[in-house]
Structure formats: structure tokens, C-alpha cells
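To keep things clear, I will list the structure first and then write my remarks on it.
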Amino acid sequence: MAPSVKLNTTQFNIRLQKLLDAWDNASKNEEYEAIADCDGLLLTNGDPASSDEPIRKSVALQTWLLGYEFPSTIFIFRKEDLTFLTSQTKANILSQLKAVPTVVPITILTQAKAKDPPTDALPKAVELYSKLTRVGALVKEEGSGKLVDEWRKAVDSSNTKPEQKDMASAISTLLAVKDEEELKYTRVACNLTSTLLNHHIAPKLETILDREAKITHEAFSAQIEARLGSGEGENAKGPDMKVWQKGRGLNEVDWDSTEFCYAPIVQSRGTSTGYDLRANAESSMDMMAHKGVLLVAVGMRYKAYCSNVGRTFIVDPSKEQEAVYGLLFSLQAELLSKLKDGAVIKDVYHHAVSYIKEKKPELEKHFVKNAGFGTGMEFRDSTYLLSGKNSRVLRSNMVINLSLGFTDLDEGGGKKYSVLLIDTVKIDNEKGICLTEGVKQAKDVLFFINTQSDEEVDKAKSKSKKPPVKPLNGTVSPAKNKVAGGKVLRNKTRSAAQEDVISTTAARIAEHQRELHAARQRDGLAKYSEEGSGSGNKEGKSWKRFQSYKGEAGLPKEIESMRIYVDRKAQSIILPVNGFAVPFHINAIKNASKNDEGEFTFLRINFQSPGQLAGKKEDTPFEDPDATFIRSLTYRSADNHRFDTVFRQITELKKEVTKREQQKKEMADVIEQDSLMELKGRRPHKLPEVFVRPATDGKRLPGEVEIHQNGLRYLSMGTQKIDILFTNIKHLFFQPCDHELLVIIHLHLKSPIMIGKKKAKDIQFYREASDVQFDETGNRKRKYRYGDEDEIELEQQERKRRQALNKEFKHFAERIAEASTSSTGDTLEADIPFRELAFEGVPFRTNVKLQPTTECLVHLSDTPFLVVTLAEIEIASLERVQFGLKQFDMVLIFSDFLRPPLQINSIPSSQLDDVKNWLDSVDIPLSEGPVNLNWGPIMKTVNESPYEFFQLGGWSFLGRNGAEGSDASDASDTESEFAADTEELVESSESDAGSEFGDSDASGDSGSGSSFDDDDESGMSYRGVFQFVLEFFSGEDWDELERKAAKSDKKKTEMNGHGGSDSDDSDRPKKKKAPAKGKPNGKGKR
């Protein structure tokens, strides 16, 4: 009978080899010094420990090697073999190791059952142990149980006993660096902990504070613990999936292998024993206080691997408490940069102390004595205690529980408080990576309670004569509402109650925009300050030397005839000049022209030379611009047919070379990916029956997407294959089929790849949501149904089919994100477009629906796709914002000034407030203007000297909101030099071809219609240009214009309103008499 437990023999061999290698090289590594001179290692494991006790190091080592805990088992390691002493049942399981080749021979000694006669297993094990000279053991662990007692008794009665040395530190070092399997389990544990914090603890705590609910610390702790299940037998409840389903990548969690590391710790001002930042603190039976500092810590274990997180929540904090928490938050960010491969632990701790001394020296004595510890299967490994005395070195892929805090701080009135911030961190080569994410920033953990009573608030509202403030368009962007006021209890924030009455949405946006513009100005000056007045990152055009032939020997034989010859192979034209054959490379020739005059034909060949008004070629560099240049050569011939042929050959060669250069330029950013590492040992996760865009060559056939070790592979039924590596994925999107025809998984790449003969930066896998393959009209049910039952049933089936599609694709997208995160170490999440924030616009040629996501602005439903990363946007310029216009335009200028701005035209004016709210909510500075600007010359001027641009005010020439902040000078009637006229906009729109599957990151086919090489024929200086634009937008604001118009109307009324005089000298036609008003119900006579 095969054993029910299956051991991973491959993993056992790998990890046993790692143990033996560390043992062999122990003399060269101080961290393994404890076992350097040992000729044996002893591991004794007695009866299982109770659930309340932490995992012992012996159990951790067993589980690390075998994947399971083996109670009542003794391991004897020697460099040449490994011996087990255990019971018959466990021996059957361990026998799997003998069925495969192992690193060293394995011997299994089986103890007899209680009713059976004893075997010689124990004497043999004792004899083997007695032959050793020095043995490494976990001397501080005292196991219990029948086998351990018998072992000790037999060893004590032995004539010779080896010397024992404590190998705990060496085992800690061995287990500290995690392999990929261990990191996978650790990430799941951290994801579980973060999900519990974000989606249960924080919202529940807000509710308790908002309602001032009376609950003890222990009861709240029990509620948290119950999210993993509670009760026994018939009353048992499973995990609360309402909470866990909100987490990322938790669909395949083995809940039987999930548990809490300790009972969640909840402390507040009401804790009678005071605040305790130790990991073994407990939640008391005291009632939770609704003000002051609240501490919550929770740790979860998945498949034996631990994670931990701790947060401080402060209700109605003082300025001092805000400053203390701000320092704690910045201290964690500072230490993450120091927790990297090769860092010495004590140096990290001393750096933390130095940072505190520099920022707030009075807090140094309140800083915790140790800043955390190593974690893994053991929740707390003291060998890697983050203290000022530990000289151990951190290595990549270690996992640290970073626990920062200040204790015994004075709150006033004789009260003390503490603050903490705990996260699970993975050590990496460059910096520490925080594996636990959740409420951490000040706006998330600092609650401000309105101190007025409800009656006082009602009285204040009744006395106020101002009407309640409404949003500009009746709706507020959800993203903005989330970040604007911090936590929204019944409190708002300390000043939010007053702001809701005295400010409007527009005022809040204006205030926030001032901050964003000031930040952009500071960042720009800092970024380009080192470059001075240089040209930023722009690389100037360089002189290229073209060689037709290496010498006279390379010239073709056709030159002997002394006739014009076009050599396509050498890309050159050989011209006869004064009896000599002179070759010219095709790139030295600008163009050729042919004219017929009487009996002769004239062929004129024009060369590239400086000083020509050649548009984009005006700034073409030359090796020596002061040299003498030949502008053109003209030849005359009576052979019309001959010159026709030569002219055609020159033109075609010029076109071919130009086309080849353009293709080379287009393919410059295309990368050649590494090989895909296929998944071995199990079948990869697959998404079947999907189509891909851009489509592969050949017939359109469905295929399937597979998730492999380091990337994705798409295989179509036509044997077409597309590989995409995780390292090249920049964004991952999932778009459900709600109100759409397709359900989509979209990948936006960092660098384009070739698919067939096309380059693609966006790859999309989709399936059609509507099923038109089935016709139910001939169904037998139709004979007995005469109403709408069939239509209702079909609608229900369609709804269920769409829900199933959404679930399948979303689940697969989460698997892609999880696999990518595990492979690369960089967090990748499946971004879902916010349909409620969508607006219409024309980024290319057609009007499409643009949908914001958490990190991007996208259009994924049709080609060409649009994906704009919000973090790469410098500023957004809203143009044609005028009263009376039904549409406006938006131009997105990128932080990389060499990248053409993206112009989105024809956005409905009714969505102006929604667009402004969204831009403000994602911290993008915006400006408004009444006309379109010609961004080609503007960006060309900016790129010439970015530092000078920011010195002169940067983007302030655009204005912020209309004419805000402008002088009240008269508006100039002269058009701005940068204002593009209507014809130019039409031309730019028509000239924008927009490659169907090209670079859709708004870099190559944006709708701007401008190039950085456009001519700037104005001749205006840099300062003059921006001063001109600044003056153009410095007109009167709308309020001033409305006051003047009202004053003018009033004056006209007084002049001709007394006698009903018709003496109106206005040139405009008189208005017709208004029709009679309709009835109150809105219907009038016709």
C-alpha cells in the first residue's frame, strides 16, 4: 500500500546538498563556525508541541528538508550518510527517499510497536552516535516523548559519548536564505496578512470609532481571528471569503495550511497595562478607547512560512504625534534602502539611530532596542536580531520582520503612548522589498474627529445663510474623493467640516493645482540644474560619412562609356565630370528633376548643402559647413528615353534608401527577447479559445495562452507561436465584457517585439462575449411558449455567460500577475479600467471611449490601442476651453521632452469637469487655454535649454485655470505664435497615419501632428516667445467680462427703454418675438 504522504525527493536532494556544502565549507565561513569541527549532526524531535508554542528550530529543519514534520524521529547526519530512527509508519513514508538516487546513502532504523518485541534499531543508532567525536546539536531544545526518553537513557548508559556543540546559529544561517519555493509561500502569507489588514481590520476599526462601539481588545482580536474560520463540528465555519476574495492571487490558497502566527494584538489607551511593542504581547479584556493611539499587529503563516504586519492608528492626533508618526514612516523608507545584500545588521541599526538624531534627537532614547528579526518557518529567529550588537551579514532572499517603534512617549496629563510600524521585508541586491502592503500613510491612519456635538453642528448649519455646496457636475471622481480628505468617518478631517461649507470643488482643485505646479517647477529646476543652459538629454544630429567605393578598383565597368550610371548595389550614382567618373552616394543627393526643352532633355541633380530652406533638413550637420559646396549638376542629352530611364532609377533608389532608413529607425527600439523557460514537472495554466491582436499571419484561428516559468506563450491552431517574457511586461489590464463585445487581457510592453513582420508594443488576448453560434428559434420549447419567456431566458443565459467569461479571464490575469511577481520580484497587478470615469475623445482618427485605470489612461476595445502611463505625464493642457464651444482638446506633455505630446481632440465640453477632477485626483498638473498651441516649436524650444525654460517660469506661461494668476491687462488681438490655425490642425489630423499595431504608448502616433523638427520661422528669441504667449493669456477673467457686459446692457436699457423706442442703431438684426409659453406640463399648442 502506497503511503498517503508523498515526499518531494528532488527538493530533498537539493536542500540536503546545500546542508552538506555548508558543512564542508564551514571553516571558511564564520557564520557556520559552530559545526566547522563536527563530524556529525544530531536532530532529535519528540512529541508534537502544542498549538500555542512557536515552531522549534528542529521542526523547522525537518520541514525544510522533507516538507513535513516527523515527530518522534531522530536524524543522525554524517558527511558520508544519513540515518533515521523512527516508527514503522514513518519509516514507510521515508522509504520513498531510498527509491531514488540521493546525495548520500540513507539508512532507516525502525522501532518496534508497543505490542511487538523490541528491535535492534535503538542500539544501532546509539552505537553509530557513540563513534562520533564532536556532534552539533540543538542543545537548548528539550524534547519530550517515549523515543526521546529512551534515546537519552541509552546514550547515558553508553561507555563513550561525543562532545556536543550548539549548532542553532548555523541552522539559522542555513534556513535564512530562501529559495524560490519558500519565497512563493512567504509572498502568499504576506498577501493574506495585507488583505486582512486592508479589507477587514482597517474598515472594522473605522466603524468602531465612528459608532463609538463598546468592545474589548480581546473581542476585536477574536473577530479578526474568526476571518480564517471558527467553531468545530457542525457549527464550524470556513474562511470569510467576502474578505479573502478581495485579495490578489488568493483563489488557490490551501486554507488547511493557513493559520495565525499568534492571536492578533490590539492595544489602545484603555489597555490597563500600557502599550507593549513586544511580539508576545496579548490583547487585554479592557474596553477599547475611541481616542488616542491604537496599535494593531497581526501575523499569518502559510505552509509554515510566516509574515507579520503592525500599524498605528491615531484618533485626533496632536501636532507632535503627527510629527512622530511622520518620522517613523520616513525612517522605514530610509532603512529599506539599507537592507540589501552585504549589509551588516548593526550598521543598519546604527544608521537608524543616526537618522533619528538628525531629524528629532529627543526621540533617540525612546527608539526600540531592536528593529526586528529574521523570520521564516520560525516566526522569530534571534540569530538575525536587528540590534546594534549583531555583526551578521544580510544576504539576498533573506526575509526580515522590520519592526520600528517609539515607546513611552509623553501624551500629556501623565499618560504615555507608543507607536509602531511593522512590515515583512525581503532582502534584495539593491534595497529591501516590502512584501506586506496596506494602510500606512498618514492620511490612512490619522483620524480627525469633529469635536462639536451634533446639536452645535445643526445650530451652526441653521445660522449659515450660504446654500450647501454641490459638485460642479453633480459627481466627484472616486479617486479624488479617496485621497482628498483622508479617512471619512462622521468627522471628515480637522478642517474638512469648514471646507465643505466655504469652498467648492473648483476651489479645492485650484489649491491642489497650485501645489502641483510648484512641485513641477521645483523638480524641473533640480533635474536640469546640473546641465546648465545645455540642451538637456537631447543628442544633437551627427555627421554621417557615406562611402561609395573603397578605391578605383571597386568602380563598375560601365564607367568606361563615360555615361551616367546608377549603381544600386553600392547605392551610388556615377556622374561624368570633365572626363572623369565621379561617384556620389545617394544620401548626398537631395533630389533629381527632368525637363524637356525642344529636342533636348535636361537632367538636373540637386545635392545636399547647408543654407537651403529645406524644412526639416535645415539643421542637418555637415563635416565642414564653411567649405565650397556644389548645389547641382545639369546634363543635356538628345536621348530622351535614356534620361527617362536614369531619372526613374535615381528616384527609385532614393525612395528605397529613404524607406530602408525609416524602417531601420522604426525598428530601433525592437528588442530580441531571451528564450522562454518552459514549465516542467506540471502542466502550465492555460486560457483556451482566445484570439490575439495583432493577428498572426494566415487564417484567423483561436489559440491558447500558457503561463510558463518566466513568461507567456500563445499557441494558435495554425502552429503560430508568440512568446512574451515577464521582464518585458510594463502593464497588465483586464477589461470585463460588461457593456462590451469582448472580454480582454491586454499586455503593454516595455519594448516592442516582432509579431510576424510587424512590431507590436501592445498584445491583446480576447474572446467574443456574444455567442451567435446557437439559434434557438427552432427549439421545441417555442411550440409551447407564446410570450416573452424565450427572450427572458436568453437574456439570463447571456448574462450568466458574460459573468463566467469575466470570472475566467480575471482569474487568469491574476495568475499572470502572480507568476510575473514571483519571477521578476517586481509587483505586477491586473489593472481594470474605471468605466464610470470614461470620457470620449479622438486620440487618432476616430472618436473612442478613453478609460482611466489606476496607473494609465487606456483605450483597449479597438485598434489602434492607446496606453498612456500617468506617471510619465509632465502636465496636461486643456485647449479650446471657451464658453459656447461644445468640445475641447487635451494635450498630454510627457516628462521625456523628446517624446511628442499626445493630443486628444473633440472631448465633449460636458465632460470638462469630470476630466479636470480625474486629472487632479491623479496628481497631474493641468492648464486651460482658449486656443490650440503649436506644440512642435514649443517643445523644440524647450529641448534647446530645459534649464533656462524652468528658470523663466516653466509651464507657468500656460496659465493654470483659464486666466488665474494673470495680470488684469487687456487681451491682445494678435494670435499667439504657438497657436495653430484650423487648416494646420486639419492637416495634422489627416497626416497622422497611426500605425494599426504600432507603438501605442502615445509616442509615435499621437495625434499632435507636430514634429520637433518643424520650422520656427518667427525668429523670436526664447524669452520673447514665452513672454508673448504669457501676455496672450493675460486677459480678463470671465467674472470681469460678465460684470462689464451686465453694465453695458443696463446702460443700453436706460437709454432706450423708457418710451419703447425702436431707435436701435445696432447693426445686428432684431430678434423675433418669442413664442407663447407652453402649459405647465411642458406641452404647448402647435
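The values are calculated or read from the model by the stated rules, or taken from the named source; none is laboratory data. Computed from a predicted model, the values in this text were never measured in an experiment. Glycine also receives a Cβ, built like all others from the backbone with ideal geometry; neighbour counts cover every protein chain displayed. With ligands, DNA and RNA removed, areas are computed over all heavy atoms of the protein, side chains included. Shrake-Rupley method; radii C 1.70, N 1.55, O 1.52, S 1.80 Å.
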Lone unmet requirement of (1) modelled with pLDDT of 75 or more; (2) surrounded by fewer than 21 Cβ atoms within 10 Å (Cβ to Cβ); (3) closer than 26 Å to Glu814 by Cα for Glu791: (3)
For the structure I just gave you, tell me whether Thr160 is in the same structural domain as Lys440 (by the TED database) and more than 28 Å from the chain's Cα centre (by Cα). no
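A quick yes/no check of all residues on (1) in contact with a Cys (Cβ under 6 Å, 6 or more places away or on another chain); (2) closer than 22 Å to Phe367 by Cα; (3) surrounded by fewer than 16 Cβ atoms within 10 Å (Cβ to Cβ); (4) in the same structural domain as Val309 (by the TED database):
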| position | (1), (2), (3), (4) |
| --- | --- |
| Asp410 | no, yes, yes, yes |
| Leu421 | no, yes, no, yes |
| Glu430 | no, no, yes, yes |
| Lys443 | no, no, yes, yes |
Sole residue being open to solvent by less than 50 Å² (accessible area, probe 1.4 Å), of a type in the set (Gly, Ala, Ser) and more than 27 Å from Val425 (Cβ to Cβ), chosen from Gly270, Gly249, Gly231: Gly270
Within the range 309-325, residues open to solvent by 10 Å² or more (accessible area, probe 1.4 Å) and either under 29 Å from Trp244 (Cα atoms) or modelled with pLDDT of 95 or more (or both) come out as none
Limited to the range 877-896, what total is found for residues that are crowded, with 22+ Cβ neighbours inside 10 Å and under 24 Å from the mean Cα position of the chain (by Cα)? 3
Take the residues in the range 197-219 that are in contact (Cβ under 8 Å) with a residue 24 or more places away in the chain and part of a loop (DSSP other than H, G, I, E, B), then tell me which one is nearest to Ala263 (Cα to Cα). Ile215
Going residue by residue through the range 859-869, is there one that turns out to be of a type outside the set (Phe, Trp, Tyr), in a helix (DSSP H, G or I) and crowded, with 18+ Cβ neighbours inside 10 Å? no
Are any of the residues in the range 74-86 more than 29 Å from Glu31 (Cβ to Cβ) and surrounded by fewer than 19 Cβ atoms within 10 Å (Cβ to Cβ)? no
(1) open to solvent by less than 50 Å² (accessible area, probe 1.4 Å); (2) in contact with a Pro (Cβ under 6 Å, 6 or more places away or on another chain) all hold for Trp255 apart from (1)
Requiring at least 1 residues that are closer than 19 Å to Cys856 by Cα and touching a strand residue (DSSP E or B) at 6+ places or on another chain (Cβ under 7 Å), the helices (runs of 4 or more DSSP H) wholly within the range 894-955 are 912-921
With respect to the numbered conditions (1) part of a helix (DSSP H, G or I); (2) under 30 Å from Glu181 (Cα atoms); (3) open to solvent by 90 Å² or more (accessible area, probe 1.4 Å); (4) modelled with pLDDT under 90, which one is the sole condition not fulfilled by Lys800? (2)
Which of the strands (runs of 3 or more DSSP E) found entirely inside the range 534-634 contain at least 1 residues meeting this: modelled with pLDDT of 75 or more, exposed (fewer than 14 other Cβ atoms within 10 Å of the Cβ) and among the charged types (D, E, K, R)? 589-597
Could you figure out which of (1) among the polar types (S, T, N, Q); (2) in a loop (DSSP other than H, G, I, E, B); (3) surrounded by fewer than 20 Cβ atoms within 10 Å (Cβ to Cβ) isn't true of Thr696? (3)
Restricting attention to the range 103-124, the residues that are within 19 Å of Leu20 (Cα to Cα), in contact with a strand residue (DSSP E or B) (Cβ under 8 Å, 6 or more places away or on another chain) and assigned to a loop (DSSP other than H, G, I, E, B) number exactly 2
Can you go through Lys758, Lys750, Lys730 and tell me which one is in contact with a Pro (Cβ under 9 Å, 6 or more places away or on another chain) and either open to solvent by 50 Å² or more (accessible area, probe 1.4 Å) or modelled with pLDDT under 80 (or both)? Lys758
Out of the residues in the range 326-350 meeting the condition of being in contact with a strand residue (DSSP E or B) (Cβ under 9 Å, 6 or more places away or on another chain) and in a loop (DSSP other than H, G, I, E, B), tell me which one is least open to solvent (accessible area, probe 1.4 Å). Leu339
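Yes/no per residue for (1) outside the structural domain of Arg15 (by the TED database); (2) aromatic (Phe, Trp, Tyr); (3) touching a helix residue (DSSP H, G or I) at 6+ places or on another chain (Cβ under 6 Å); (4) not in a helix (DSSP H, G or I):
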| position | (1), (2), (3), (4) |
| --- | --- |
| Ile93 | no, no, no, no |
| Val135 | no, no, no, yes |
| Lys140 | no, no, no, yes |
| Val148 | no, no, no, no |
| Ala154 | no, no, yes, no |
| Gln164 | no, no, no, yes |
| Ile171 | no, no, yes, no |
Would you call Pro361 open to solvent by 30 Å² or more (accessible area, probe 1.4 Å), modelled with pLDDT under 95 and either within 23 Å of Asn429 (Cα to Cα) or out of contact with any helix residue (DSSP H, G or I) (no Cβ under 6 Å at 6 or more places or on another chain) (or both)? yes
Can you work out which of the residues in the range 3-32 that are surrounded by 13 or more Cβ atoms within 10 Å (Cβ to Cβ) and hydroxyl-bearing (Ser, Thr, Tyr) is farthest from Asp179 (Cα to Cα)? Tyr32
Please find, within the range 277-308, the residue that is farthest from the chain's Cα centre (by Cα) out of those that are free of Cβ contacts under 8 Å to residues at least 24 places away in the same chain and open to solvent by less than 40 Å² (accessible area, probe 1.4 Å). Ala289
How do the strands (runs of 3 or more DSSP E) wholly within the range 717-757 filter down when requiring 3 or more residues that are in contact (Cβ under 8 Å) with a residue 60 or more places away in the chain and within 15 Å of Thr853 (Cβ to Cβ): which remain? 729-735, 742-755
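Conditions tested, residue by residue: (1) modelled with pLDDT of 85 or more; (2) part of a loop (DSSP other than H, G, I, E, B).
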site: Gly405; (1), (2): yes, no
site: Val419; (1), (2): yes, no
site: Asp423; (1), (2): yes, no
site: Lys431; (1), (2): yes, yes
site: Thr436; (1), (2): yes, yes
site: Ile449; (1), (2): no, yes
